[in-house]
Each structure stands twice: as structure tokens, then as C-alpha cells.
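Here's the structure we're looking at; comments come further down.
The values are calculated or read from the model by the stated rules, or taken from the named source; none is laboratory data. Predicted model only: the values in this text are computed from it and were never measured. Note: ideal-geometry Cβ built from the backbone for every residue, glycine included; neighbour counts use all protein chains shown.
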Amino acid sequence: MNLVIQGDDVSTPDLKALHALAHGKSIERISDAAFRITGADPSARDAVKAHCAKARLDWGFVREGARLSDFGLLAMDMDSTLISIECIDEIADFAGRKAEVAAVTASAMRGEIDWPESLRQRVSHLRGLDEATLQRVHDERLRFNPGAEALIAAARRAGVKTLLVSGGFTYFTDRVRDRLKLDYAYSNVLVVEGGKLAGRTTGALVDAAGKAGHLARLKRELGLPKERVLAIGDGANDLAMMAEAGTSVAYHAKPVVKERADYALDYAGLEGVLGLFPDSSSSRTGSGK
């Protein structure tokens with residue numbers, strides 16, 4: 001196995017300490033923020049986890065030779081995963097209700113309350129807002145998380161299909177899909193009446209089960225085994241979707257998600273996925289640090 005270490009500042013002393021803990025063979029540079037320790041011993045997982053927690057580093061044991069092209073489908077959550085905001089919280093800000101809506105969002109993402117009911121509560125607070133508010137949130141506040149564009153470009157080069165599945169709204173997922181040239185996008189539909197938000201959604205709800213269902217269906221349609229699916233999420237409503245994948249990554253996620261994911265990225269951006277599973281065009285080795 002290789003042990004991949006990533007973070008804002010991966011120091012030489014930390015690399016040497018982790019190399020010793022994992023009984024590794026060599027240290028290779030992947031990028032300025034990512035390194036791999038080859039020939040690492042997975043039984044050192046607990047010691048590595050403890051050291052990296054203190055050093056504020058991401059870590060992961062990865063099969064030697066693993067590449068992004070091993071996967072056929074990359075499934076991603078949108079809010080707080082592919083993009084840096086929770087869209088519903090930002091919409092609510094224009095109604096002067098951001099604090100209370102954000103509190104419900106955070107509780108739902110931690111898995112503390114029923115997600116469908118939380119969505120109904122939050123959407124009801126948007127009633128009466130001008131439809132143009134959605135455009136303002138998109139233009140003024142929606143930003144991709146670091147590494148998002150690099151990850152999607154790498155997936156495209158590797159021939160990996162991309163799925164955006166969100167408990168948010170189609171107004172945003174459709175635009176993100178088009179901007180990043182994603183293959184598929186599914187989300188909830190906000191009802192608009194007379195140019196105003198009606199405070200409700202329509203159609204099948206894309207909740208935790210809905211997310212998992214879209215991923216399961218696409219797996220069947222594409223003829224992909226579970227092992228060739230990679231899923232990334234941050235909230236409790238992503239867990240069922242992530243369970244449909246052979247490999248899961250918790251991105252700056254809630255504790256309940258990190259506990260059940262195969263890998264967790266707390267400090268790296270989405271380019272950290274490429275640290276774990278390099279694009280075929282990425283350099284395979286580099287100078288030690």
C-alpha cells in the first residue's frame with residue numbers, strides 16, 4: 001500500500017515521522033501539498049491517524065498503482081462539497097432568515113433531524129421571495145471549492161462519467177452541470193408562481209434515498225460494478241449515496257460522515273482526491289522532501 005499525506009503545510013519532520021510509523025520504503029512528492037509513502041503498512045493506521053490529527057494533515061492508505069481511471073463514475077454532492085455554500089442558506093439570507101435556516105441545515109447535515117422535514121421547513125421560509133433572488137445567489141455567492149475544476153477536468157480526461165446529485169435545487173445544479181460539463185445532475189425543483197418563490201418543491205424529492213437511487217440506477221445503466229464508483233459528500237444525507245459506491249470520500253464533512261467514509265479530506269481541497277487517485281497525466285514520482 002501507499003500512504004498518501006496531504007495538507008496546507010506538509011513538513012519534512014512530519015513526513016519522516018510518518019515514514020517511520022508506517023514502515024515505508026520511500027517518500028515521493030506528488031505535488032507541493034501531497035506526498036506518498038510507498039510500501040506502507042496499513043496496520044499502522046491508528047498511529048498514522050493520531051499523528052496526522054495533531055499535525056492537521058489528511059492521510060489515506062491507497063493500493064499501489066490506483067488511478068482515477070480505475071473508476072467509471074464519480075458521484076458528488078453539491079452544497080459544501082463541489083461548491084463552497086449551502087444555496088438554501090444564502091437564498092434565506094435575502095429573506096432575513098439565514099441564521100435560523102442555516103441552523104436547521106447544519107442539524108440535518110449532522111443527521112440529527114429528519115432531512116425531508118428539514119427541507120420542507122427551510123423552503124417554507126423562502127415563500128414570497130422574488131425568483132430573481134436565485135440568480136443573485138448564483139452570480140454573487142456560488143463559488144467552486146478549491147480543486148473542483150481540476151478534479152472534474154481530470155475525470156473527463158480519464159473517461160470517468162460525472163454525476164452531481166444534490167438535496168438542493170435544480171436552478172443551481174443545472175448551471176453547475178453546464179459550467180463544469182458534467183454528465184448528469186439531479187436535484188429538487190422549487191415552485192415559482194407569479195415570479196415569486198412559492199415556499200415548496202415539486203416532484204420526487206431528492207433526499208438521502210433519492211440520491212442513492214439515482215446513483216444505483218446509473219450504475220445499472222452504465223454496467224458498472226460497485227467497485228468502479230467513487231462518491232464524495234459531506235452530510236448525513238450523502239451516506240446512502242456513498243454506500244452505493246465502492247470508494248467514498250468525506251470532504252470537509254460532518255463527523256458522522258467521516259466515520260463511515262473510506263477517506264476524509266479535512267485540509268486539502270478537492271484536488272486531494274487526485275492525490276489519492278492520480279490522473280494518468282499526473283507525475284507518478286518526484287523528489288523526496
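Worth pointing out:
- Flag if residue 107 is in a helix (DSSP H, G or I), of a type in the set (Ser, Thr, Tyr) and either in the same structural domain as residue 189 (by TED's automatic domain parsing) or at pLDDT below 95 (or both): yes
- Test: residue 156 is under 18 Å from residue 71 (Cα atoms) and either surrounded by fewer than 21 Cβ atoms within 10 Å (Cβ to Cβ) or modelled with pLDDT of 95 or more (or both): yes
- Scanning region 223-253 for residues that are small (Gly, Ala, Ser) and over 13 Å from residue 82 (Cα atoms) gives 223, 236, 240, 243, 245, 246, 248.
- Restricted to region 82-92, and to residues there that are buried (at least 17 other Cβ atoms within 10 Å of the Cβ) and out of contact with any Gly (no Cβ under 7 Å at 6 or more places or on another chain), the residue that is nearest to residue 162 (Cα to Cα) is 82.
- Note on region 183-230: residues that are under 21 Å from residue 91 (Cβ atoms) and either under 21 Å from the mean Cα position of the chain (by Cα) or among the β-branched types (Val, Ile, Thr) (or both) total 14.
Residue-wise test of (1) free of Cβ contacts under 8 Å to residues at least 60 places away in the same chain; (2) not small (Gly, Ala, Ser).
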position	(1), (2)
22	yes, no
37	yes, yes
54	yes, yes
71	no, yes
118	yes, no
126	no, yes
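A quick yes/no check of all residues on (1) surrounded by fewer than 23 Cβ atoms within 10 Å (Cβ to Cβ); (2) outside any helix (DSSP H, G or I); (3) not assigned by TED's automatic domain parsing to the domain that holds residue 176; (4) not basic (Lys, Arg):
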residue: 4; (1), (2), (3), (4): no, yes, yes, yes
residue: 13; (1), (2), (3), (4): yes, no, yes, yes
residue: 44; (1), (2), (3), (4): yes, no, yes, yes
residue: 61; (1), (2), (3), (4): yes, yes, yes, yes
residue: 102; (1), (2), (3), (4): yes, no, no, yes
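- Subset of region 192-230 [among the hydrophobic types (A, V, I, L, M, F, W, C) and touching a residue at least 40 places away in the same chain (Cβ under 8 Å)]: 192, 197, 198, 205, 206, 208, 215, 218, 222, 224, 229, 230
- Residues considered: 189, 160. Of these, the only one that is without any contact (Cβ under 8 Å) to a residue 40 or more places away in the chain and hydrophobic (A, V, I, L, M, F, W, C) is 189.
- Residue within region 186-194 that is on the phi > 0 side of the Ramachandran plot, surrounded by fewer than 23 Cβ atoms within 10 Å (Cβ to Cβ) and not aromatic (Phe, Trp, Tyr) present: yes
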